[in-house]
Amino acid sequence: MKEEFTARLLRVHFGEDDLWQGKPLHEAILAKCAELGIEEATVFRGIEGYGAASRIRHASHWPYSKDAPIQISIIGTEEQIGKLTPYLDAMVEEGLVAASTVEVVRYSRTPERS
Amino acid sequence: MLQPGKAVKVTIYLSDGATHHGVPLYSSILDFLFYRGVAGATVTKGIAGFGADHHMHSEQLVEISDRLPIKIEFIESHEKVEEILGKLEELAGSGLVEMQETTVAKPAQLSKPVKPPIPAHLKIAGKAQIMRIFLSEEDRWKSKPLYEALVEALRANDIAGVTVYRGILGYGAHRRMHQDKPLVSSHHGSIMLSVIDSTEKLRAFLPIVEQMVEEGLVVFSDVDIVKYAYRAPEAGKPETASTPAEVRP
């Protein structure tokens, strides 16, 4: 099944060591997105970067390094993104949020086939 | 220089043993064609055959192995063929000369092109679009990972560039949470492909995406290409030819 619509893309940049109420910030943001019924949210770990604090972050070869830059791509309707923004304001202490308008094509399996 | 369109293909059948002024006949015909400026000619040696005298020429018998059939072929314009045909018939002697109407689809190029043309996909500048495709790492297409198949399809369609990202956490169309755990051998991560090219080319590619992606999200947004540089593959020293476009505020 194919649907086309216009939506908002939000990219949230922060560090992997950022926490929210003791949990990794990216997990907390993802949980909030799911709660708001947002279409799609994916967390990416960068290999190098710098941000608001002008501190260069590196992801080392050691997989448990906690200094890598994190980017979350969130795609949702104008309304959903509007609801999410106040939460992001509260949760992201140090970071960057960039928004753009995007055209979306969604492919989904029809229920009878899966 | 041969032009695309109507032309004549001339084939001359000779016997290997024939000579003309002490040199093999085929080489003297080839020289004649060469100095009369014929676009190109090919000499092929048959492995067996017979001609007007009904003498079987074959390489199986050692004593007559120098009498193998020879075929000379060339393609030229009507006018050129008319011009050289008389002398050619004289040279061919007892051999057969055949003419055939043909059509040149693409004339041969000089082996050393003056400047290699810039591939079409390297000419994008300014206004473009970014297409992000979100899918799951376990999605497959004809037994290979879907993201790999998509990259191959994009490259085959001359799309300017693509990068595949593996997410460490995410959820999508199927509402399954993907988590990349370093100690778990099977990957069930989220995958994002970021593709940049002109709007028309990306839109033209969308039907292929549609065929390959059963479940997923494709997102388009506008971008301005500030620089797309590449290294000319034939340059001896690394030389960067860039197509800078104006930077929009």
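Amide H contacts of A:E39: A:T77, each under 5 Å away and 5 or more positions distant or on a separate chain (H built 1.01 Å from N in the peptide plane; Pro and chain starts excluded).
Full extension of the chain between B:E73 and B:N157 yields a length gain of 26.5 nm, computed as 0.36 nm times the residue separation minus the alpha carbon distance. Placing a label point 7 Å from the Cα of B:E90 along the Cα-to-Cβ direction, the residues of region B:5-20 whose backbone N falls under 17 Å from that point are B:20.
For region A:63-103, the residues whose backbone nitrogen is under 20 Å from a point 7 Å from the Cα of B:S194, taken along Cα to Cβ, are A:67-76, A:95-103. Look at the stretch A:97-104: the mean tally of other chain Cβ atoms within 10 Å of its residues' Cβ atoms is 4.
Can you figure out the FRET efficiency of B:K127 with A:A31, using R₀ = 56 Å and their beta-carbon distance, to the nearest 0.05? Let's see the in-between values first.
On the way: r = 38 Å, r/R0 = 0.67.
For B:K127 and A:A31, the calculated efficiency is 0.90.
Once you've got the Cα coordinates, tell me which of A:K32/A:K83; A:K83/B:K127; B:K80/B:K106; B:K142/B:K201; B:K6/B:K106; A:K2/B:K144 are over 20 Å apart. Correct reply: A:K83/B:K127; B:K142/B:K201; A:K2/B:K144. Among B:T163, A:T77, sorting on how many other beta-carbon atoms sit within 10 Å of each Cβ, with the fewest leading, yields B:T163, A:T77.
Computed from backbone phi, the HN-Hα couplings of region B:211-222 come to 5, 8, 8, 7, 9, x, 10, 10, 10, 10, 9, 7 Hz, rounded to whole numbers (Karplus: 6.51 cos²θ - 1.76 cosθ + 1.60, θ = phi - 60°; Gly and Pro given as x).
All of the numbers you see were taken from the coordinates with simple rules; none came from a lab. For clarity, every value in this text was computed on a predicted model and none was experimentally measured. Virtual Cβ from ideal backbone geometry, glycine too; neighbours counted across all protein chains shown.
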